[in-house]
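In what follows, a single structure is set out as structure tokens and then discussed.
What follows is calculated from the coordinates using simple rules that are stated; it is not laboratory data. In this text, all values refer to a predicted model and were calculated from it rather than measured experimentally. Backbone-built Cβ (ideal geometry, glycine too); neighbour counts: all protein chains shown.
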Amino acid sequence: MELKGQTLIRAIESPSFKKIPFFKVGDTVKMLIRQSIGDNKRVQNFSGLVIKRQGSGISATFTVRAIRFGVGVERTFPIYSSALENIEVLSYGIVRRAKLYYIRHLSSKAARIKTKHK
């Protein structure tokens, strides 16, 4: 039996999926990122606000914004990246937008997001 079209794509993608927690734009997440610089391998923490989710399937990405030493830092990751060891949702935010680009221009106090209680 030959696989064609979408069936072929799903057959290739399905083994690559790993379990990730449910999170959406506005949530605060903490990630463990595996980095290798030369022979050194280490795990780095990165936590911040999810300001964008894009795409679907194995090519889906998300962008996290954090403030480091008074400077805004944004990092974009593929959701199913092998460099991501763990994703943990710290809090669920209540937002009415799919992309939170306006957060970039707000002060840290004004950029707070309402949180949902579990």
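In the Gaussian network model of the chain, springs joining C-alpha atoms below 10 Å, which of V50, V89, V64 carries the largest mean-square fluctuation? Maximum fluctuation in the GNM of the chain, among the listed residues, is at V89. Cross-link list K19/K99; K24/K52; K24/K114: which exceed 20 angstrom alpha carbon to alpha carbon? Exceeds cut-off: K19/K99. In this calculation the C-beta distance from L106 to Q6 is compared with R0 = 30 Å, giving a FRET efficiency of 0.15.
Ranked by how many other Cβ atoms sit within 10 Å of their own Cβ, fewest first, the residues R104, R53, R96 fall in the order R96, R104, R53. Of [x] 8.4; [y] 7.9; [z] 10.4, which one was derived for mean projected area of the Cα convex hull in nm² from the structure shown? Identified label for the calculated read-out: [z].
Taking label points 7 Å from Cα along the Cα-to-Cβ direction, N40 and T61 give a separation of 2.7 nm. If we count every other residue with Cβ under 13 angstrom of L84's Cβ, Lys/Arg +1 and Asp/Glu -1, where does the sum land? It works out to a net charge of +3. Over the residues of the chain, the helix contribution to mean residue ellipticity at 222 nm works out to -2000 deg cm²/dmol, using -39500 (n - 2.57) for each DSSP H run of at least 4.
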